[in-house]
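The values are calculated or read from the model by the stated rules, or taken from the named source; none is laboratory data. Worth saying up front: this structure is predicted, and the values here are computed from it rather than measured. No Cβ is skipped: glycine too gets one built from the backbone with ideal geometry, and neighbour counts run over all protein chains shown. Accessible surface is based on the protein model in full, side chains and every heavy atom, while ligands, DNA and RNA are left aside. Shrake-Rupley method; radii C 1.70, N 1.55, O 1.52, S 1.80 Å.
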Amino acid sequence: MRTEPDPELVAYASARQHWLVEIAYLVCGDRRLADDAAVTALVALTRRWRRERADPDPHLRAAVYHDAMTIARRRLRESPAAPEVVAPAGPAGVEAPGLAGHAGSGIDRSSSIAEAFDLLSPRRRALLVLLLHEDRSPADAARVLGVSDSTLRRERSAALAALPPVVGEADVADLLDERAAQVQDVDVVERVWATREEVGSSRRRRGIALGTAAAVLLVGAAGVAWAARGERQAEPGPTPPVTVSRPWTQGADFRVDGGTLLVGPGPTNVGDLPQLALSMPDSLGVAWNVPTLGDVVRAAGADAPRLHVVAAMLRTVGDGSSEPLLLVRDSATLFEQYAVVDVVLTGLGSDLGSPVSPIGARSIDPTGTHVLFVQPGDLVVLDAATGRTRRLAVPVGPGDPPLVGGGFTDSGRIVAWSHSAAWSLGLDGHDVRAMPAGATADAVRLLLEDGEPSVTTAEPAGRIASTRRVRMPMSYPWGDSVATPAWVATGAFVDPKGIPKPAGSFVNGLFAASLVPEGTQRSLVMDDWDSGVVKGGLRVCGWTDDTILFQYSAASHTWVLAWDLNRNRLSRVSIVDPSMTGVGSASQVVALWFQHPLPG
(Lines give C-alpha, C1' and ligand atoms only; values in the text may rest on other atoms or scores of the structure.)
Protein backbone atom coordinates (compact mmCIF):
# COMPACT_ATOMS: atom_id res chain seq x y z
CA MET A 1 0.00 0.00 0.00
CA ARG A 2 1.40 3.40 -0.98
CA THR A 3 1.89 5.82 1.91
CA GLU A 4 1.25 9.44 0.94
CA PRO A 5 4.14 11.75 1.89
CA ASP A 6 3.78 14.75 4.17
CA PRO A 7 2.73 17.77 2.04
CA GLU A 8 5.32 19.90 3.84
CA LEU A 9 8.02 17.39 2.92
CA VAL A 10 6.85 17.41 -0.72
CA ALA A 11 7.05 21.20 -0.81
CA TYR A 12 10.51 21.20 0.77
CA ALA A 13 11.85 18.52 -1.58
CA SER A 14 10.48 20.38 -4.60
CA ALA A 15 12.14 23.59 -3.47
CA ARG A 16 15.55 22.00 -2.74
CA GLN A 17 15.88 19.46 -5.55
CA HIS A 18 17.62 21.87 -7.92
CA TRP A 19 20.16 22.84 -5.26
CA LEU A 20 20.91 19.18 -4.55
CA VAL A 21 21.40 18.22 -8.19
CA GLU A 22 23.54 21.29 -8.78
CA ILE A 23 25.88 20.47 -5.89
CA ALA A 24 26.16 16.80 -6.85
CA TYR A 25 26.87 17.73 -10.49
CA LEU A 26 29.69 20.10 -9.52
CA VAL A 27 31.33 17.39 -7.42
CA CYS A 28 30.83 14.24 -9.53
CA GLY A 29 30.64 15.72 -13.03
CA ASP A 30 27.76 13.62 -14.37
CA ARG A 31 24.19 14.92 -14.58
CA ARG A 32 22.49 11.52 -14.48
CA LEU A 33 24.50 10.43 -11.44
CA ALA A 34 23.91 13.83 -9.84
CA ASP A 35 20.17 13.16 -10.09
CA ASP A 36 20.77 9.80 -8.39
CA ALA A 37 22.67 11.48 -5.56
CA ALA A 38 19.85 13.99 -5.03
CA VAL A 39 17.26 11.20 -4.93
CA THR A 40 19.35 9.28 -2.42
CA ALA A 41 19.69 12.32 -0.15
CA LEU A 42 15.97 13.05 -0.24
CA VAL A 43 15.01 9.43 0.35
CA ALA A 44 17.27 9.49 3.40
CA LEU A 45 15.53 12.64 4.59
CA THR A 46 12.12 10.93 4.55
CA ARG A 47 13.43 8.66 7.30
CA ARG A 48 14.11 11.57 9.65
CA TRP A 49 11.68 14.22 8.48
CA ARG A 50 9.81 14.56 11.78
CA ARG A 51 13.01 15.29 13.66
CA GLU A 52 14.70 17.38 10.96
CA ARG A 53 11.79 19.37 9.56
CA ALA A 54 12.75 22.48 11.53
CA ASP A 55 16.12 22.77 9.74
CA PRO A 56 16.86 19.88 7.37
CA ASP A 57 19.43 21.70 5.21
CA PRO A 58 22.62 20.83 7.21
CA HIS A 59 21.97 17.09 7.18
CA LEU A 60 20.81 17.12 3.57
CA ARG A 61 23.94 19.03 2.55
CA ALA A 62 26.22 16.46 4.22
CA ALA A 63 24.31 13.62 2.55
CA VAL A 64 24.51 14.92 -1.00
CA TYR A 65 28.19 15.89 -0.76
CA HIS A 66 29.27 12.51 0.56
CA ASP A 67 27.20 10.59 -1.95
CA ALA A 68 28.56 12.71 -4.81
CA MET A 69 32.12 12.06 -3.59
CA THR A 70 31.43 8.33 -3.46
CA ILE A 71 30.10 8.44 -7.04
CA ALA A 72 33.15 10.40 -8.20
CA ARG A 73 35.54 7.91 -6.58
CA ARG A 74 33.69 5.03 -8.22
CA ARG A 75 34.01 6.71 -11.61
CA LEU A 76 37.74 7.17 -11.06
CA ARG A 77 38.14 3.47 -10.22
CA GLU A 78 36.16 2.43 -13.30
CA SER A 79 38.09 4.77 -15.62
CA PRO A 80 41.29 6.74 -14.96
CA ALA A 81 40.06 9.51 -17.23
CA ALA A 82 38.81 12.75 -15.74
CA PRO A 83 35.02 13.23 -15.50
CA GLU A 84 33.42 14.22 -18.78
CA VAL A 85 32.20 17.62 -17.68
CA VAL A 86 31.49 19.99 -20.55
CA ALA A 87 32.70 23.46 -19.63
CA PRO A 88 31.43 26.51 -21.55
CA ALA A 89 33.79 27.34 -24.39
CA GLY A 90 35.42 30.73 -24.69
CA PRO A 91 35.65 32.81 -27.88
CA ALA A 92 37.07 30.80 -30.76
CA GLY A 93 40.83 31.09 -31.11
CA VAL A 94 41.24 33.08 -27.87
CA GLU A 95 43.49 31.57 -25.21
CA ALA A 96 43.23 32.67 -21.59
CA PRO A 97 46.14 34.92 -20.61
CA GLY A 98 48.91 33.13 -18.78
CA LEU A 99 47.48 29.65 -19.46
CA ALA A 100 49.24 28.90 -22.73
CA GLY A 101 51.17 25.66 -22.62
CA HIS A 102 49.31 24.28 -19.60
CA ALA A 103 49.27 20.48 -19.85
CA GLY A 104 45.84 19.09 -20.73
CA SER A 105 44.22 15.86 -19.53
CA GLY A 106 43.90 14.34 -23.01
CA ILE A 107 40.27 15.44 -23.29
CA ASP A 108 39.49 18.34 -25.62
CA ARG A 109 38.57 21.17 -23.28
CA SER A 110 38.59 24.90 -23.90
CA SER A 111 39.55 25.80 -20.34
CA SER A 112 42.72 24.81 -18.50
CA ILE A 113 41.00 25.84 -15.28
CA ALA A 114 38.30 23.26 -15.96
CA GLU A 115 40.93 20.64 -16.74
CA ALA A 116 42.79 21.26 -13.51
CA PHE A 117 39.60 21.29 -11.43
CA ASP A 118 38.43 18.00 -12.94
CA LEU A 119 41.73 16.36 -12.04
CA LEU A 120 41.35 17.22 -8.35
CA SER A 121 40.36 14.44 -5.97
CA PRO A 122 36.61 14.22 -5.23
CA ARG A 123 37.09 15.54 -1.70
CA ARG A 124 39.07 18.57 -2.91
CA ARG A 125 36.45 19.30 -5.53
CA ALA A 126 33.77 19.11 -2.84
CA LEU A 127 35.82 21.39 -0.60
CA LEU A 128 36.09 24.08 -3.29
CA VAL A 129 32.38 23.81 -4.11
CA LEU A 130 31.55 24.34 -0.45
CA LEU A 131 33.87 27.31 -0.01
CA LEU A 132 33.69 29.03 -3.39
CA HIS A 133 30.26 28.18 -4.79
CA GLU A 134 28.16 27.89 -1.64
CA ASP A 135 30.25 30.43 0.31
CA ARG A 136 30.27 28.18 3.38
CA SER A 137 32.68 29.01 6.18
CA PRO A 138 35.77 26.77 6.68
CA ALA A 139 34.23 25.47 9.91
CA ASP A 140 31.00 24.52 8.10
CA ALA A 141 32.97 22.89 5.27
CA ALA A 142 35.01 20.84 7.76
CA ARG A 143 31.82 19.60 9.44
CA VAL A 144 30.22 18.61 6.14
CA LEU A 145 33.32 16.72 4.98
CA GLY A 146 33.99 15.16 8.38
CA VAL A 147 37.58 16.43 8.68
CA SER A 148 39.45 18.53 11.20
CA ASP A 149 40.09 22.24 10.66
CA SER A 150 43.80 21.58 10.11
CA THR A 151 43.05 18.92 7.50
CA LEU A 152 40.69 21.32 5.75
CA ARG A 153 43.40 23.98 5.61
CA ARG A 154 45.91 21.52 4.14
CA GLU A 155 43.41 20.22 1.59
CA ARG A 156 42.44 23.74 0.54
CA SER A 157 46.08 24.71 0.02
CA ALA A 158 46.78 21.50 -1.91
CA ALA A 159 43.72 21.99 -4.12
CA LEU A 160 44.71 25.54 -5.04
CA ALA A 161 48.34 24.51 -5.58
CA ALA A 162 47.18 21.93 -8.15
CA LEU A 163 45.60 24.66 -10.30
CA PRO A 164 47.58 26.66 -12.88
CA PRO A 165 49.77 29.29 -11.20
CA VAL A 166 47.77 32.30 -12.39
CA VAL A 167 44.41 30.86 -11.34
CA GLY A 168 42.84 32.21 -8.17
CA GLU A 169 39.79 31.34 -6.11
CA ALA A 170 37.69 33.87 -8.04
CA ASP A 171 38.45 32.02 -11.29
CA VAL A 172 37.34 28.72 -9.77
CA ALA A 173 34.19 30.35 -8.41
CA ASP A 174 33.39 31.64 -11.92
CA LEU A 175 33.91 28.15 -13.37
CA LEU A 176 31.58 26.62 -10.79
CA ASP A 177 28.93 29.27 -11.42
CA GLU A 178 29.10 28.60 -15.17
CA ARG A 179 28.71 24.87 -14.66
CA ALA A 180 25.91 25.32 -12.16
CA ALA A 181 24.01 27.35 -14.76
CA GLN A 182 24.00 24.26 -17.01
CA VAL A 183 21.83 22.38 -14.50
CA GLN A 184 18.28 22.89 -15.70
CA ASP A 185 14.96 21.05 -15.82
CA VAL A 186 15.39 19.31 -12.48
CA ASP A 187 12.46 17.11 -11.49
CA VAL A 188 13.44 14.19 -9.23
CA VAL A 189 10.73 14.40 -6.56
CA GLU A 190 8.54 11.71 -8.08
CA ARG A 191 11.56 9.39 -8.17
CA VAL A 192 12.02 9.97 -4.44
CA TRP A 193 8.56 8.65 -3.57
CA ALA A 194 8.86 5.78 -6.05
CA THR A 195 12.25 4.78 -4.64
CA ARG A 196 10.98 4.96 -1.09
CA GLU A 197 8.04 2.70 -1.88
CA GLU A 198 10.15 0.32 -3.98
CA VAL A 199 12.72 -0.18 -1.23
CA GLY A 200 10.02 -0.70 1.37
CA SER A 201 8.30 -3.31 -0.81
CA SER A 202 11.60 -5.05 -1.52
CA ARG A 203 12.34 -5.40 2.18
CA ARG A 204 8.90 -6.80 2.81
CA ARG A 205 9.47 -9.35 0.06
CA ARG A 206 12.75 -10.32 1.70
CA GLY A 207 10.88 -11.09 4.89
CA ILE A 208 11.87 -8.15 7.06
CA ALA A 209 8.29 -7.32 7.91
CA LEU A 210 8.33 -4.42 10.31
CA GLY A 211 4.84 -3.17 9.41
CA THR A 212 3.81 -0.75 6.71
CA ALA A 213 5.13 2.40 8.35
CA ALA A 214 8.49 0.90 9.25
CA ALA A 215 8.93 -0.58 5.78
CA VAL A 216 8.35 2.86 4.29
CA LEU A 217 11.01 4.29 6.59
CA LEU A 218 13.59 1.61 5.77
CA VAL A 219 14.80 3.48 2.69
CA GLY A 220 17.41 0.96 1.74
CA ALA A 221 18.19 0.67 5.49
CA ALA A 222 20.89 3.23 4.92
CA GLY A 223 18.94 6.46 4.93
CA VAL A 224 19.77 6.55 8.59
CA ALA A 225 23.39 6.75 7.58
CA TRP A 226 23.41 10.24 6.12
CA ALA A 227 20.84 11.60 8.52
CA ALA A 228 22.91 10.36 11.44
CA ARG A 229 26.05 11.54 9.67
CA GLY A 230 24.59 14.97 9.36
CA GLU A 231 23.77 14.86 13.05
CA ARG A 232 27.42 14.20 13.70
CA GLN A 233 28.91 16.59 11.18
CA ALA A 234 26.51 19.48 10.79
CA GLU A 235 25.02 20.25 14.17
CA PRO A 236 25.67 18.51 17.51
CA GLY A 237 22.85 16.26 18.66
CA PRO A 238 22.17 14.91 22.13
CA THR A 239 25.35 12.77 22.14
CA PRO A 240 28.17 13.77 24.53
CA PRO A 241 30.09 16.75 23.14
CA VAL A 242 33.61 16.29 21.79
CA THR A 243 35.83 19.06 23.11
CA VAL A 244 39.00 20.50 21.61
CA SER A 245 41.97 18.44 22.66
CA ARG A 246 45.58 19.36 23.15
CA PRO A 247 47.65 19.25 19.93
CA TRP A 248 48.83 15.84 18.78
CA THR A 249 51.87 14.94 16.70
CA GLN A 250 53.08 11.58 15.41
CA GLY A 251 55.70 9.91 17.58
CA ALA A 252 54.65 10.98 21.09
CA ASP A 253 55.94 7.78 22.69
CA PHE A 254 57.31 6.89 26.13
CA ARG A 255 59.44 4.13 27.55
CA VAL A 256 57.46 1.70 29.67
CA ASP A 257 58.34 -1.54 31.37
CA GLY A 258 59.21 -3.97 28.58
CA GLY A 259 58.86 -1.67 25.54
CA THR A 260 57.41 1.61 24.25
CA LEU A 261 54.08 3.38 24.74
CA LEU A 262 52.67 5.37 21.80
CA VAL A 263 50.07 8.02 22.65
CA GLY A 264 47.66 8.40 19.72
CA PRO A 265 45.29 11.28 18.99
CA GLY A 266 41.93 11.92 20.65
CA PRO A 267 38.66 12.03 18.69
CA THR A 268 39.06 15.62 17.51
CA ASN A 269 42.55 14.96 16.10
CA VAL A 270 41.96 11.68 14.26
CA GLY A 271 41.65 13.68 11.03
CA ASP A 272 45.29 14.76 11.43
CA LEU A 273 46.51 11.21 10.85
CA PRO A 274 47.90 10.43 7.38
CA GLN A 275 45.63 8.38 5.12
CA LEU A 276 46.72 4.79 4.49
CA ALA A 277 46.16 3.66 0.88
CA LEU A 278 44.11 0.48 1.29
CA SER A 279 41.66 1.16 -1.57
CA MET A 280 38.83 1.46 0.94
CA PRO A 281 36.12 4.13 1.04
CA ASP A 282 36.78 7.10 3.32
CA SER A 283 33.37 6.40 4.85
CA LEU A 284 32.84 2.70 5.41
CA GLY A 285 29.30 1.34 5.18
CA VAL A 286 27.69 4.18 3.22
CA ALA A 287 25.36 2.64 0.66
CA TRP A 288 21.80 2.93 -0.67
CA ASN A 289 19.60 0.64 -2.73
CA VAL A 290 22.18 -2.09 -2.24
CA PRO A 291 21.85 -5.27 -4.30
CA THR A 292 21.72 -8.61 -2.54
CA LEU A 293 24.82 -10.79 -2.52
CA GLY A 294 22.96 -13.21 -4.80
CA ASP A 295 22.32 -10.43 -7.33
CA VAL A 296 26.02 -9.45 -7.27
CA VAL A 297 27.08 -13.05 -7.88
CA ARG A 298 24.59 -13.50 -10.73
CA ALA A 299 25.77 -10.26 -12.36
CA ALA A 300 29.40 -11.45 -12.11
CA GLY A 301 28.53 -14.70 -13.90
CA ALA A 302 31.65 -16.73 -14.70
CA ASP A 303 33.77 -14.15 -12.86
CA ALA A 304 32.04 -14.78 -9.51
CA PRO A 305 34.99 -16.84 -8.15
CA ARG A 306 37.03 -13.62 -8.27
CA LEU A 307 34.78 -11.97 -5.66
CA HIS A 308 36.29 -11.45 -2.22
CA VAL A 309 34.82 -9.87 0.89
CA VAL A 310 36.97 -6.92 1.97
CA ALA A 311 34.79 -5.82 4.89
CA ALA A 312 31.87 -7.36 6.76
CA MET A 313 29.55 -5.16 8.81
CA LEU A 314 26.11 -5.21 10.37
CA ARG A 315 23.50 -2.51 9.99
CA THR A 316 20.44 -2.09 12.15
CA VAL A 317 17.05 -3.13 10.79
CA GLY A 318 15.05 -2.58 13.98
CA ASP A 319 14.03 -4.38 17.18
CA GLY A 320 17.67 -5.06 18.08
CA SER A 321 18.19 -7.06 14.87
CA SER A 322 20.72 -6.45 12.13
CA GLU A 323 21.55 -7.60 8.61
CA PRO A 324 24.99 -8.25 7.06
CA LEU A 325 26.42 -5.63 4.73
CA LEU A 326 29.49 -6.72 2.77
CA LEU A 327 32.02 -4.70 0.79
CA VAL A 328 32.84 -7.06 -2.10
CA ARG A 329 35.83 -6.66 -4.41
CA ASP A 330 36.63 -8.24 -7.78
CA SER A 331 40.22 -9.43 -7.35
CA ALA A 332 41.01 -8.85 -11.04
CA THR A 333 39.46 -5.44 -11.71
CA LEU A 334 39.54 -4.21 -8.07
CA PHE A 335 35.99 -2.91 -8.56
CA GLU A 336 34.20 -2.71 -5.21
CA GLN A 337 30.51 -2.64 -4.34
CA TYR A 338 28.31 -3.19 -1.34
CA ALA A 339 26.02 -6.20 -1.09
CA VAL A 340 23.36 -6.92 1.51
CA VAL A 341 22.61 -10.45 2.68
CA ASP A 342 19.04 -11.65 3.06
CA VAL A 343 19.30 -12.84 6.67
CA VAL A 344 18.30 -11.21 9.95
CA LEU A 345 20.74 -11.65 12.86
CA THR A 346 20.25 -11.23 16.61
CA GLY A 347 22.74 -10.06 19.21
CA LEU A 348 24.60 -12.28 21.67
CA GLY A 349 23.96 -10.55 24.98
CA SER A 350 26.23 -7.84 26.39
CA ASP A 351 29.61 -7.25 27.95
CA LEU A 352 31.03 -4.02 29.37
CA GLY A 353 27.58 -2.54 28.85
CA SER A 354 27.66 -3.01 25.04
CA PRO A 355 26.05 -5.71 22.88
CA VAL A 356 28.26 -8.63 21.91
CA SER A 357 28.39 -8.69 18.12
CA PRO A 358 27.89 -11.68 15.80
CA ILE A 359 31.14 -10.73 14.00
CA GLY A 360 34.76 -10.56 15.12
CA ALA A 361 38.26 -10.00 13.78
CA ARG A 362 38.36 -13.55 12.37
CA SER A 363 34.90 -13.55 10.76
CA ILE A 364 36.34 -13.59 7.22
CA ASP A 365 38.19 -16.75 6.22
CA PRO A 366 41.84 -16.65 5.04
CA THR A 367 40.79 -16.76 1.37
CA GLY A 368 38.37 -13.83 1.72
CA THR A 369 35.49 -15.84 0.23
CA HIS A 370 33.49 -16.88 3.32
CA VAL A 371 32.08 -14.85 6.20
CA LEU A 372 30.97 -16.23 9.57
CA PHE A 373 28.24 -14.77 11.78
CA VAL A 374 27.61 -16.21 15.24
CA GLN A 375 24.10 -16.71 16.57
CA PRO A 376 23.15 -17.94 20.06
CA GLY A 377 22.50 -21.51 18.91
CA ASP A 378 24.12 -21.90 15.50
CA LEU A 379 26.41 -20.31 12.88
CA VAL A 380 25.61 -18.49 9.63
CA VAL A 381 28.19 -18.84 6.83
CA LEU A 382 28.09 -16.75 3.62
CA ASP A 383 29.85 -17.76 0.41
CA ALA A 384 30.87 -14.75 -1.71
CA ALA A 385 31.50 -16.86 -4.80
CA THR A 386 28.02 -18.44 -4.89
CA GLY A 387 25.91 -15.99 -2.87
CA ARG A 388 24.62 -18.86 -0.75
CA THR A 389 23.92 -18.72 3.00
CA ARG A 390 24.15 -21.81 5.19
CA ARG A 391 23.34 -22.41 8.84
CA LEU A 392 25.70 -24.77 10.66
CA ALA A 393 24.59 -26.64 13.75
CA VAL A 394 26.72 -26.53 16.90
CA PRO A 395 26.01 -28.97 19.79
CA VAL A 396 24.71 -26.34 22.23
CA GLY A 397 22.15 -27.99 24.52
CA PRO A 398 18.86 -26.37 25.61
CA GLY A 399 20.23 -25.52 29.06
CA ASP A 400 23.78 -24.69 27.95
CA PRO A 401 25.18 -21.14 27.71
CA PRO A 402 24.67 -19.68 24.21
CA LEU A 403 27.47 -19.07 21.73
CA VAL A 404 29.32 -15.78 22.22
CA GLY A 405 32.06 -15.94 19.59
CA GLY A 406 33.49 -17.64 16.56
CA GLY A 407 35.96 -17.29 13.73
CA PHE A 408 38.11 -18.97 11.10
CA THR A 409 41.47 -20.52 11.93
CA ASP A 410 44.50 -20.02 9.66
CA SER A 411 43.73 -23.41 8.09
CA GLY A 412 40.13 -22.40 7.27
CA ARG A 413 38.33 -24.42 9.96
CA ILE A 414 35.68 -22.78 12.11
CA VAL A 415 35.93 -22.48 15.89
CA ALA A 416 32.86 -21.44 17.89
CA TRP A 417 32.67 -20.99 21.64
CA SER A 418 30.44 -20.22 24.58
CA HIS A 419 31.49 -19.21 28.09
CA SER A 420 31.86 -22.87 29.04
CA ALA A 421 32.71 -24.86 25.88
CA ALA A 422 34.24 -24.64 22.40
CA TRP A 423 33.98 -26.62 19.15
CA SER A 424 35.89 -26.92 15.89
CA LEU A 425 34.10 -27.82 12.66
CA GLY A 426 34.71 -27.91 8.93
CA LEU A 427 33.44 -25.30 6.52
CA ASP A 428 30.63 -27.65 5.51
CA GLY A 429 29.52 -28.02 9.15
CA HIS A 430 30.77 -31.61 9.42
CA ASP A 431 33.67 -33.08 11.42
CA VAL A 432 32.61 -31.36 14.65
CA ARG A 433 35.21 -31.71 17.42
CA ALA A 434 35.01 -30.64 21.05
CA MET A 435 37.79 -28.28 22.20
CA PRO A 436 38.93 -27.18 25.66
CA ALA A 437 36.89 -24.42 27.28
CA GLY A 438 38.47 -21.06 26.48
CA ALA A 439 39.73 -22.12 23.04
CA THR A 440 39.26 -19.63 20.19
CA ALA A 441 40.15 -19.35 16.50
CA ASP A 442 43.49 -17.71 17.37
CA ALA A 443 46.44 -20.11 17.44
CA VAL A 444 48.59 -17.39 19.02
CA ARG A 445 46.99 -15.14 21.63
CA LEU A 446 47.96 -12.26 23.85
CA LEU A 447 46.07 -12.60 27.14
CA LEU A 448 46.34 -12.75 30.91
CA GLU A 449 47.67 -15.97 32.48
CA ASP A 450 47.56 -15.95 36.28
CA GLY A 451 47.12 -12.17 36.12
CA GLU A 452 50.24 -11.66 33.94
CA PRO A 453 50.29 -10.58 30.26
CA SER A 454 51.34 -13.65 28.26
CA VAL A 455 51.73 -14.91 24.71
CA THR A 456 50.23 -18.38 24.35
CA THR A 457 50.44 -20.81 21.44
CA ALA A 458 47.74 -23.45 21.01
CA GLU A 459 47.79 -26.80 19.25
CA PRO A 460 45.21 -27.42 16.49
CA ALA A 461 43.10 -29.25 19.06
CA GLY A 462 42.98 -26.10 21.19
CA ARG A 463 45.30 -27.15 24.03
CA ILE A 464 47.88 -24.57 25.11
CA ALA A 465 51.31 -25.75 23.90
CA SER A 466 53.48 -22.91 25.21
CA THR A 467 53.21 -19.78 27.33
CA ARG A 468 55.62 -16.83 27.47
CA ARG A 469 55.31 -13.94 29.90
CA VAL A 470 55.62 -10.43 28.47
CA ARG A 471 55.97 -7.08 30.24
CA MET A 472 53.43 -4.41 29.29
CA PRO A 473 50.84 -2.20 31.07
CA MET A 474 47.91 -4.44 30.08
CA SER A 475 45.02 -5.62 32.24
CA TYR A 476 41.69 -7.19 31.13
CA PRO A 477 41.86 -8.11 27.40
CA TRP A 478 38.99 -7.10 25.13
CA GLY A 479 38.10 -8.50 21.70
CA ASP A 480 40.10 -10.96 19.60
CA SER A 481 43.83 -11.48 19.44
CA VAL A 482 45.27 -11.17 15.93
CA ALA A 483 48.66 -12.55 14.90
CA THR A 484 50.76 -11.54 11.90
CA PRO A 485 53.87 -13.59 11.05
CA ALA A 486 55.92 -11.41 13.40
CA TRP A 487 53.47 -9.94 15.95
CA VAL A 488 50.43 -10.73 18.08
CA ALA A 489 48.11 -7.94 19.26
CA THR A 490 44.89 -7.43 21.19
CA GLY A 491 42.78 -4.70 22.72
CA ALA A 492 42.69 -4.45 26.51
CA PHE A 493 42.19 -2.11 29.42
CA VAL A 494 45.25 -0.23 30.61
CA ASP A 495 47.02 -1.07 33.86
CA PRO A 496 47.55 2.47 35.21
CA LYS A 497 50.47 1.33 37.39
CA GLY A 498 52.52 0.73 34.25
CA ILE A 499 51.97 4.16 32.66
CA PRO A 500 54.53 6.94 33.33
CA LYS A 501 52.90 10.05 34.80
CA PRO A 502 54.03 12.42 31.99
CA ALA A 503 52.09 10.30 29.50
CA GLY A 504 48.73 10.89 31.22
CA SER A 505 45.84 8.73 32.37
CA PHE A 506 44.18 6.22 30.02
CA VAL A 507 41.41 3.61 29.95
CA ASN A 508 41.83 1.69 26.68
CA GLY A 509 44.87 0.33 24.92
CA LEU A 510 46.15 -1.90 22.15
CA PHE A 511 49.05 -4.15 23.02
CA ALA A 512 51.44 -6.04 20.74
CA ALA A 513 54.27 -8.50 21.39
CA SER A 514 56.82 -9.55 18.80
CA LEU A 515 57.03 -13.20 17.79
CA VAL A 516 60.11 -13.11 15.52
CA PRO A 517 62.35 -12.19 17.23
CA GLU A 518 60.88 -12.34 20.69
CA GLY A 519 61.35 -9.62 23.26
CA THR A 520 59.87 -6.43 21.76
CA GLN A 521 56.60 -5.09 23.14
CA ARG A 522 54.55 -2.11 21.98
CA SER A 523 51.60 -0.41 23.67
CA LEU A 524 49.19 2.10 22.14
CA VAL A 525 46.75 4.37 23.98
CA MET A 526 44.55 7.09 22.53
CA ASP A 527 44.50 10.56 24.05
CA ASP A 528 41.72 10.55 26.65
CA TRP A 529 41.87 14.31 27.07
CA ASP A 530 38.84 14.43 24.79
CA SER A 531 35.40 13.60 26.13
CA GLY A 532 33.37 10.62 24.99
CA VAL A 533 35.80 7.82 25.92
CA VAL A 534 34.18 4.39 25.49
CA LYS A 535 35.35 1.51 27.66
CA GLY A 536 36.62 -1.24 25.42
CA GLY A 537 36.67 1.23 22.50
CA LEU A 538 39.95 -0.04 21.00
CA ARG A 539 39.83 -3.44 19.35
CA VAL A 540 41.54 -5.27 16.50
CA CYS A 541 39.47 -5.86 13.35
CA GLY A 542 42.04 -7.04 10.77
CA TRP A 543 45.67 -6.94 9.68
CA THR A 544 47.97 -6.70 6.67
CA ASP A 545 51.70 -7.33 6.66
CA ASP A 546 52.80 -6.19 10.12
CA THR A 547 50.15 -3.48 10.29
CA ILE A 548 47.25 -3.98 12.69
CA LEU A 549 43.87 -2.57 11.60
CA PHE A 550 41.77 -1.56 14.58
CA GLN A 551 38.60 0.24 15.60
CA TYR A 552 38.64 3.36 17.71
CA SER A 553 35.25 4.26 19.22
CA ALA A 554 34.50 7.43 21.14
CA ALA A 555 31.11 9.06 21.80
CA SER A 556 29.06 8.58 18.59
CA HIS A 557 32.06 7.96 16.31
CA THR A 558 33.97 4.87 15.19
CA TRP A 559 37.07 4.99 12.99
CA VAL A 560 39.17 2.26 11.41
CA LEU A 561 42.85 3.10 11.98
CA ALA A 562 46.12 1.32 11.20
CA TRP A 563 49.10 0.72 13.50
CA ASP A 564 52.38 -0.12 11.75
CA LEU A 565 54.12 -2.18 14.42
CA ASN A 566 57.53 -2.11 12.78
CA ARG A 567 57.66 1.68 12.55
CA ASN A 568 55.31 2.30 15.50
CA ARG A 569 53.26 4.74 13.42
CA LEU A 570 49.51 5.40 13.08
CA SER A 571 47.42 6.03 9.96
CA ARG A 572 43.77 6.65 9.18
CA VAL A 573 41.75 4.21 7.04
CA SER A 574 38.01 5.02 7.26
CA ILE A 575 35.27 6.46 9.40
CA VAL A 576 32.38 4.03 9.93
CA ASP A 577 28.92 5.20 8.96
CA PRO A 578 26.46 5.64 11.85
CA SER A 579 24.00 3.15 10.34
CA MET A 580 26.39 0.31 11.18
CA THR A 581 25.48 -1.57 14.35
CA GLY A 582 27.85 -0.75 17.21
CA VAL A 583 29.19 2.64 16.08
CA GLY A 584 30.42 4.63 19.07
CA SER A 585 30.36 1.61 21.40
CA ALA A 586 32.63 -1.22 22.46
CA SER A 587 30.85 -3.80 20.27
CA GLN A 588 32.44 -5.10 17.07
CA VAL A 589 31.55 -2.94 14.09
CA VAL A 590 33.55 -4.32 11.16
CA ALA A 591 35.72 -7.29 10.22
CA LEU A 592 38.37 -6.61 7.56
CA TRP A 593 40.20 -8.90 5.15
CA PHE A 594 43.56 -7.49 4.09
CA GLN A 595 45.84 -10.46 4.65
CA HIS A 596 48.10 -9.52 1.76
CA PRO A 597 50.99 -7.06 1.26
CA LEU A 598 50.24 -3.37 1.43
CA PRO A 599 50.27 -1.43 -1.86
CA GLY A 600 53.70 -0.08 -2.79
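Okay, here's what the table says:
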| read-out | value |
| --- | --- |
| Glu22 accessible area, assembled protein chains, probe 1.4 Å, Å² | 30 |
| Percent RCO, i.e. relative contact order, over the range 281-441, from Cα pairs under 8 Å lying at least 6 residues apart | 16 |
| Accessible surface of the range 281-441, 1.4 Å probe, proportion on carbon and sulfur as whole % | 54 |
| Ranked by how many other beta carbons lie within 10 Å on average, peptides 260-271, 581-592 from highest | 581-592, 260-271 |
| 18 Å reach of a label modelled at Val10, 7 Å along Cα-to-Cβ, counting backbone N of the range 32-75 | 42-43, 45-47, 49-50 |
| Where Thr389, Thr195 fall by accessible area, highest first, once all protein chains stay in place (1.4 Å) | Thr389, Thr195 |
| Hydrodynamic radius of the range 281-441 per Kirkwood, over alpha carbon pairs, in Å | 16.2 |
| Accessible area expressed per residue, the range 281-441, with surrounding protein chains retained (probe 1.4 Å, Å²) | 37 |
